[in-house]
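Where a number appears in this text, it was derived from the coordinates with a stated rule and is not lab data. What you see is a predicted model; the values in this text were computed from it and never measured. Cβ sites come from the backbone with ideal geometry, for glycine too, and all protein chains shown count toward neighbours.
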Amino acid sequence: MEHRKFILNRWSLIVAITLILLLITPQAALANIRIENGGEVPYYARLERGGILADGDWAAIPFYRPPSCVPADFNLLDFFDFANVWGCQPTTTDGFEIWKNAPGTDIAPLQQELHGKGAVPVWFVSMKELEEAVEDGVLTIGELASLPSLKIGSASFYHETLHPLGGSVRNHLVLNAHGSFADGSTFKVLAEHTEANFIANIHFK
């Protein structure tokens, strides 16, 4: 009898714990918050030290803000410009962020999604020229614009998914864009960046 009572009590405890976990888990999932960011990211272009979208021959540089309002003395390799970037308008992308708690509490969002507003500037330069330009550790918008191989495109489609380090366990970027140049030729860019592994495919037609 005592053994049966022990078994019943133990089973009741297991059921109770299971019910508590079922009730808690959905609440934990709902704790993540979604914030529409309007494309207001703290950087001008997808270009930074150790993070260049390149296929070996060409480098692709998407701009989240008009290249014309990037400060002339800003080092694009520094990526972030919390002091001045907000005045560079309008943004070329729109999107949202998923935060575990909230900005100011978390270091970074768990996930960021960006999509183009219809005409995202994408600059292409020879990777060889770019490597030479960044040898001194500095690359300004003027230096980038002066590279002989520069091709300026406009992406009619742009989509980017980012799981940034600090918010996620590992840094992971997936980027897909296609558009055209002023002469009517077209381009496609597909890139994925996971930690130290960077894969990019750039096609002109």
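Please compute the length gained on full extension between D57 and C69, using 0.36 nm multiplied by the number of residues separating them and subtracting their Cα-Cα distance.
Computed gain between D57 and C69 is 1.5 nm.
From the alpha carbon gyration tensor of the range 98-152, can you work out the equivalent ellipsoid semi-axes (sqrt of 5 times each eigenvalue) and give them in Å, largest to smallest?
One finds semi-axes of 33, 17, 9 Å for the range 98-152.
Run down the aspartates and glutamates and flag those whose C-alpha is under 13 Å from the C-alpha of K205, throwing out any fewer than 8 positions away in its chain.
D183
Roughly how many nanometres apart are two label points built 7 Å out from the Cα toward the Cβ at N101 and F157?
With each label placed 7 Å out from Cα toward Cβ, I get 4.0 nm.
Write down, largest first, the equivalent ellipsoid semi-axes of the range 124-185 in whole Å, where each equals the square root of 5 times an eigenvalue of the alpha-carbon gyration tensor.
Those come to 26, 21, 8 Å.
Here are some pairs, K117/K151; K128/K151; K128/K188; which of them have Cα atoms lying more than 18 Å apart in this structure?
K117/K151; K128/K188
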